[in-house]
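Here the structure is laid out as structure tokens; the discussion comes afterwards.
The values are calculated or read from the model by the stated rules, or taken from the named source; none is laboratory data. For clarity, every value in this text was computed on a predicted model and none was experimentally measured. Neighbour counts are summed over all protein chains in view; Cβ atoms, including those assigned to glycine, are modelled from backbone coordinates with ideal geometry.
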Amino acid sequence: MSSMQDFMISRVRVKLLELFLQSSGELFYVREISRAVKEEINAVRRELDRMLVAGILKSEQRGNRLYYFANASYPYYPELLRMVAKSTHLGKKLRKLKRKLGTIDFIMFSGNFVEGKKVRHDEVDVLIVGDVVLPELQVLMKEEEERRGKEINYTVFSLEEFEFRKTRRDPFIMEILYSTRVMVVGSETDFTKRNMPGLN
């Protein structure tokens, strides 16, 4: 039975959540996990057992190894994804350096980007809306690309252009609005609301 007690977490569990939720669909065995999170193997085993019981993870035997992976059916899976996306790596930096980046209205990560899944070449990973200091943003994006080992497809709009495209039902924007996402900065309600001309 899932409950709030699942979130009374240790330092090790925080690291495990980051590993599994940023690599959705990937399978890891114990020693591999221990190396990745840089924690003692017995502490990792204890947390893995607790996360299995809670339903946060699932396991699968392959040969003589037991592999672990994130359980996408866990009731709080979407909330955990949001928490990890906002509090680690790029999400953490964007929130921390928000003022340095200009006047930011919204920052959105696509669901696939958050889960570390492969995306189409034309699919946006990150959307930033506002009056953005591009050189500062480019530094952060380059750092994250180096960490992930792949290019990040990000797009920047002014608030005026973003609102105009929403009103015009621009296909690019509509695809973003109808897709799963994590709001790193800004309100989900304001992000999706279409302001009709003359009503502001």
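Do we have any residue at all in region 73-80 that's of a type in the set (D, E, K, R), under 30 Å from Lys166 (Cα atoms) and at pLDDT below 95? Spell out the reasoning first.
Looking only at region 73-80, we keep the residues that are of a type in the set (D, E, K, R), and these are 79.
Adding the requirement that they be under 30 Å from Lys166 (Cα atoms) leaves 79.
Now restrict to residues that are at pLDDT below 95: 79.
Scanning region 73-80 turns up at least one residue that is of a type in the set (D, E, K, R), under 30 Å from Lys166 (Cα atoms) and at pLDDT below 95.
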Q) For region 20-36, what are the residues that are modelled with pLDDT under 95 and buried (at least 18 other Cβ atoms within 10 Å of the Cβ)? A) Phe20, Leu21, Gln22
Q.
What's the number of the only condition in (1) over 14 Å from Leu140 (Cα atoms); (2) touching a helix residue (DSSP H, G or I) at 6+ places or on another chain (Cβ under 7 Å); (3) of a type in the set (Lys, Arg) that Lys100 fails to meet?
A. (1)
Q. What is the number of the single condition among (1) touching a Lys or Arg at 6+ places or on another chain (Cβ under 6 Å); (2) modelled with pLDDT of 95 or more; (3) among the small types (Gly, Ala, Ser) that Ser158 does not meet?
A. (1)
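Run down Ala54, Ala72 and say which single residue is in contact (Cβ under 8 Å) with a residue 40 or more places away in the chain and either touching a Pro at 6+ places or on another chain (Cβ under 6 Å) or over 24 Å from Met183 (Cβ atoms) (or both).
Working: Ala72 fails: either touching a Pro at 6+ places or on another chain (Cβ under 6 Å) or over 24 Å from Met183 (Cβ atoms) (or both).
Answer to the check: Ala54.
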(Q) From the list Val114, Val139, Val156, exactly one residue is closer than 24 Å to Ala70 by Cα and β-branched (Val, Ile, Thr). Which is it? (A) Val114
